[in-house]
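Below is one structure, written out as structure tokens, with a few remarks after it.
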Amino acid sequence: MVTFFHDLLQRLQDMDGRRTTDGTRTASHRRWRNARLHRLLAAVCAGLAMFAALQCVRLTISTQPVVIAAQPIAKGSVITADSLALRDLPYDEALRNVFHDCDDAVGLIAQVDVAEGGIVTSTMARASPVVPEGYTAIEVRLASSADNLSLGDVVTLSSATIFSEATPEASPDTDAVTLRELCSGAILTAKPSRDADGNTLAVFAVPPHEAATVLQAQEYSAIIAIVSS
């Protein structure tokens, strides 16, 4: 670039020399134009130097892959691979709690709403579902199997009561089972376990008024969990 401007300046000076012979140019005009060309050349060289310096600085800044939300993620929802993306960002101590691999966040439960393009940190997602506002968490003794339940599943909790038929057609040993729905939106918030007696225990997030009904019902009847469709 410098050589180009130097050659251009030399050609213009040669042209001025020829034109001056004809009396069409003056020495003062040549000096003025040469000064303008020198200033232009200096400005271009300074700009190129600044650009080169910035490129060098950019290359020396270390970056790190950071997991971001490729689409809005709602609080309480299970994070999927489609909802995440990777972006390289400059290394910063403030980003020490971020996920650096999408697989590390897939399957976790969002603890807060994450906007599209927002950085996903370990404090925003965890293995246990969040208890929604206005809900309470209770431990329920289940009579049904919990093997097919996953964290975050929404189930219907019902009580199963067995009583003897009292109709003339029924035999004395005939029993009937009635189901009574206790809660239609219970959210499984912890992995089911078993107590010392082998009973299945599961923690659900339910509205407070339904929590009281479930706790009372499990004292005298069996509680089963039905996965909502």
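Remark: spin-label model distance Ser122-Asp92 equals 1.9 nm, labels positioned 7 Å along the Cα→Cβ axis.
A crude spin-label estimate for the pair Asp113 and Thr161, with each label 7 Å from Cα along the Cβ direction, gives 4.2 nm.
Between the beta carbons of Leu201 and Ser62, assuming R0 = 41 Å, the FRET efficiency works out to 0.30 to the nearest 0.05. Each label was represented as a point 7 Å from its Cα along the Cα-to-Cβ direction; for Leu179 and Glu219 these points are 2.5 nm apart. For the pair Asp104 and Ala137, a Förster radius of 30 Å applied to the C-beta separation gives a FRET efficiency near 0.70, rounded to the nearest 0.05. Sorted on the mean count of surrounding Cβ atoms within 10 Å across their residues, most packed first, peptides 152-158, 95-101 read 152-158, 95-101.
Using only alpha carbon pairs under 8 Å that are at least six residues apart, calculate the relative contact order of region 68-160 and give it in whole percent.
Relative contact order, region 68-160: 32 percent.
All of the numbers you see were taken from the coordinates with simple rules; none came from a lab. All values derive from a computational prediction rather than experimental measurement. No Cβ is skipped: glycine too gets one built from the backbone with ideal geometry, and neighbour counts run over all protein chains shown.
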